[in-house]
2 protein chains.
Amino acid sequence: MRDVAIIGIGQTPVDEHWDRSLKELAGEAIFAALNDAGREIADALFIGNMLSGILSKQENLGGLISDWIGLPGMEALKIEAACGSGAAAFRAALMAVSSEDVDSALVVGVEKMTESLPIETTEALATAADADYESAQGLSFVAINALVMQLYLHTYGWKHTDFAPFSINAHANAMHNPYARLHEKISEKEYISARMIAEPINLLDASPTGDGAAAIFLVPADTILSVNKRNIKVVGSASATDSIAIHSRHDPLWLSAAELSAIKAYQQAGIKPQDIDFFELHDAFSIMSVLSLEACGFSERGQAPKLGLDGQITINGRIPISTRGGLKARGHPVGATGVYQIVETVQQLRGEAEYTQIENAKVGMTQNIGGSGATIITHIFRAG
Amino acid sequence: MRDVAIIGIGQTPVDEHWDRSLKELAGEAIFAALNDAGREIADALFIGNMLSGILSKQENLGGLISDWIGLPGMEALKIEAACGSGAAAFRAALMAVSSEDVDSALVVGVEKMTESLPIETTEALATAADADYESAQGLSFVAINALVMQLYLHTYGWKHTDFAPFSINAHANAMHNPYARLHEKISEKEYISARMIAEPINLLDASPTGDGAAAIFLVPADTILSVNKRNIKVVGSASATDSIAIHSRHDPLWLSAAELSAIKAYQQAGIKPQDIDFFELHDAFSIMSVLSLEACGFSERGQAPKLGLDGQITINGRIPISTRGGLKARGHPVGATGVYQIVETVQQLRGEAEYTQIENAKVGMTQNIGGSGATIITHIFRAG
């Protein structure tokens, strides 16, 4: 098993890209990553995508994108794990390089969500939940998360307002990220009075969808680390699952797949939660930030809102999250999100995060979630 | 990099399984593979599937299936490469085990295609082609292959009748496979007079869709090969792509991704085409059998129909193909097909193929194709 490092990153802004197709977005991010890596080709391409079949009537993205980027012939395929597709594709690429089966790999997460009718996008996103026991009952994906948040507020006695810091922090950080979907600073008052979506989740608890692509170039660590300080080592990688339907879980307020994958990743990296300098978590809804922080050991059970209220999640706090805007404000092009998280982590570890740079950031963690906690992939990275 | 071996296989019949859901079919095949391997758990599950999002409104199959089989928590995700999804999932599992990241892996290919309206299935299958430049022009998937077959007949001067042996052989072999969709011996006369689908492809040139699942259990070869003669070693594995649209290829009659992936697999195995005892190829349409045989070095360019006419593709011929019925008669549950091919290859190499057993079969090859040659995955296996 070989150690693997990231030597190139690229991304498109998350936006309504009505003028660009899926393959064009993917290509833009890939070319940026190739350029950043100083490479022209890769042995294999791993594509994270959830919705192209349903929304763009296009599967077989491997052939489509490898041809578009001018590398027909290369190995290429798509990995799908709902909103966790991006990190799942990254992990597949990681295993391919570490198995010595390929000597370099590109990962691209790409999603195109804004050209379809909102009802079509909502229906497509519901395929992340249990089709027979959740979606068929009329539960949309946001409604499932709303039930979880209701239960959390009830069980631990928090008020909705206590979740405001998560949204405010994400929006504040996104102000300085040119690739973010929303550049809009928000106040607690705006958070409280935002339009209700599915009680208690309001518009400012929920992440916006979007079109976008992010890409990464991976190589064996021993081939490059000595010559370039911008290279980032992957020191932990793990994926775990939980029941797809929330009602099948012993404790709907505990992300057991987050805990399982984080523990594995900590072990691989030989570290503990307190060694993590920042955490790009999956804040698709503010309740998910809270559940992730608890499952990964950054807070006692039921107490993560306190981290927000105490200012611990901001750039200068104990455990900064959503440092480039997170899903909440950078935007959530679902199958691309996991790759955006890793790209942003590399920016922090390289010291390229500008106005939201965390001082002396050495170890970063990402967590990407497919469904309401059904598939969770956790990675830990270290500056080279 | 560790060598990897198959120690368990399982499958459901390919059929119209209206009484069983996607996860139930997958579970049936997985339990059979676990039972065959004498194991109860695996570290990871790789799922080959193409159409669940479109036809069953269900993505996130990792969480769904791992929970259903009673192994919530395990790593699990879906790989999509159109009709090549099965072998792509197998290859991802292979890399995971060989990277030492996991010590055992299950692969399941599963597809459910017969509960939707035929037009829905046809539309869904068209997502394997180029959505903008092929499907949007009204070209169905069979129509694309019909254009290729027209060109082949015209270029090399063959008659449609010359393709009869491929269909006759597949149907004859499927008679002895209890898991096959069609148990119906056919004659040349029936082949010639079959109903036209898209000229020159008639009903007996085309493979039937179906519901089904096939599963495989993989472990590092050095942990088991000494104790069990039923274990089959993976000695070659490669994947390659070509442009997704036929019209973008320099030569629409040459499967360059088949050639590329086969050459790599031969090199890894240290063998030549003449060392292959049988070949489970992707006979979705009879023209595809011909193009595969040529690209993989079993025939001169433009001459593969001769292999059929000379009786070389039957069980006792030089290069037996579709030995358990192939896609043509075992059936083609698209994302599952690549795993069925490998399961059947293991049966041959173990000497468990009964009435269609190839004498002294030591080395078998499989080739799974996504789209009309856009993504092609080739594997070579050797009896332990």
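The values are calculated or read from the model by the stated rules, or taken from the named source; none is laboratory data. All figures in this text were calculated on a predicted structure; none of them were measured in a lab. When we count neighbours, we look across all protein chains shown, and the Cβ atoms used for this are built from the backbone with ideal geometry, even at glycine. All accessible areas refer to the heavy atoms of the entire protein, side chains included, with ligands and DNA or RNA removed. Shrake-Rupley method; radii C 1.70, N 1.55, O 1.52, S 1.80 Å.
What the table shows:
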{"item": "Between 0 and 90°, nearest 10: helix B:334-350 axis offset from chain B longest Cα axis", "result": "70"}
{"item": "Computed accessible area, A:Arg181, all protein chains, 1.4 angstrom probe, square angstrom", "result": "60"}
{"item": "Chain A: relative contact order in percent, alpha carbon pairs under 8 Å with at least 6 residues between", "result": "26"}
{"item": "Rotation relating B and A, chain A residue nearest the axis via C-beta, angstrom", "result": "A:Ser99, 2"}
{"item": "Where B:Lys112, A:Lys233 fall by accessible area, highest first, once all protein chains stay in place (1.4 Å)", "result": "A:Lys233, B:Lys112"}
{"item": "Cross-link reach list, lysines versus B:Lys272, counting only Cα pairs under 18 Å and skipping chain neighbours closer than eight places", "result": "B:Lys233, B:Lys264, B:Lys362"}
{"item": "With every protein chain in place, chain A: carbon and sulfur % of accessible area (1.4 Å)", "result": "50"}
{"item": "Accessible area in the full protein assembly, largest first, 1.4 Å probe, for A:Tyr179, B:Tyr340", "result": "A:Tyr179, B:Tyr340"}
{"item": "Heavy atoms of A:Ile119: accessible area, 1.4 Å probe, square angstrom to 10", "result": "110"}
{"item": "Separation of alpha-carbon centers, the stretch B:340-382 and the stretch B:1-78, rounded to whole Å", "result": "20"}
{"item": "B:Thr209 - accessible surface, heavy atoms, 1.4 Å probe, Å² rounded to 10", "result": "50"}
{"item": "Computed helical MRE - 222 nm, chain B, DSSP H runs ≥ 4 contributing -39500 (n - 2.57), nearest 500", "result": "-10500 deg cm²/dmol"}
{"item": "All lysines inside 23 Å of B:Lys112 as judged from Cα atoms, apart from same-chain residues fewer than 8 positions distant", "result": "A:Lys57, A:Lys78, B:Lys23, B:Lys57, B:Lys78, B:Lys328"}
{"item": "Inter-copy separations for A:Lys229, label at 7 Å along Cα-Cβ, nm, ascending", "result": "6.3"}
{"item": "Solvent-accessible area buried by A and B, counting both chains, probe 1.4 angstrom, square angstrom", "result": "4200"}
{"item": "Listing of the stretch B:91-129 residues, each with accessible area lower by at least 40 Å² in the full protein assembly than in the chain alone (probe 1.4 Å)", "result": "B:Arg91, B:Met95, B:Ser99, B:Asp101, B:Thr127"}
{"item": "Folded to 0 to 90 degrees: helix B:22-37 orientation relative to chain B principal axis, Cα", "result": "60"}
{"item": "Helix B:141-156 vs. chain B, principal-axis angle (Cα, 0 to 90°, nearest 10)", "result": "50"}
{"item": "Rounded accessible area per residue of the stretch A:1-87, 1.4 Å, Å²", "result": "30"}
{"item": "Residues of type aspartates and glutamates that B:Lys229 reaches as a straight line, Cα spacing below 18 Å, ignoring anything fewer than 8 places off in the same chain", "result": "B:Asp3, B:Asp36, B:Glu344, B:Glu352, B:Glu354, B:Glu359"}
{"item": "Per residue value of the accessible surface for the stretch A:257-303 (all protein chains in place, 1.4 Å probe), Å²", "result": "33"}
{"item": "Of A:Leu309, A:Leu45, A:Leu182, the one that fluctuates the most in a GNM where chain A has Cα springs shorter than 10 Å", "result": "A:Leu309"}
{"item": "For A:Gly236, residues with placed amide H under 5 Å, excluding near neighbours", "result": "A:Ile380"}
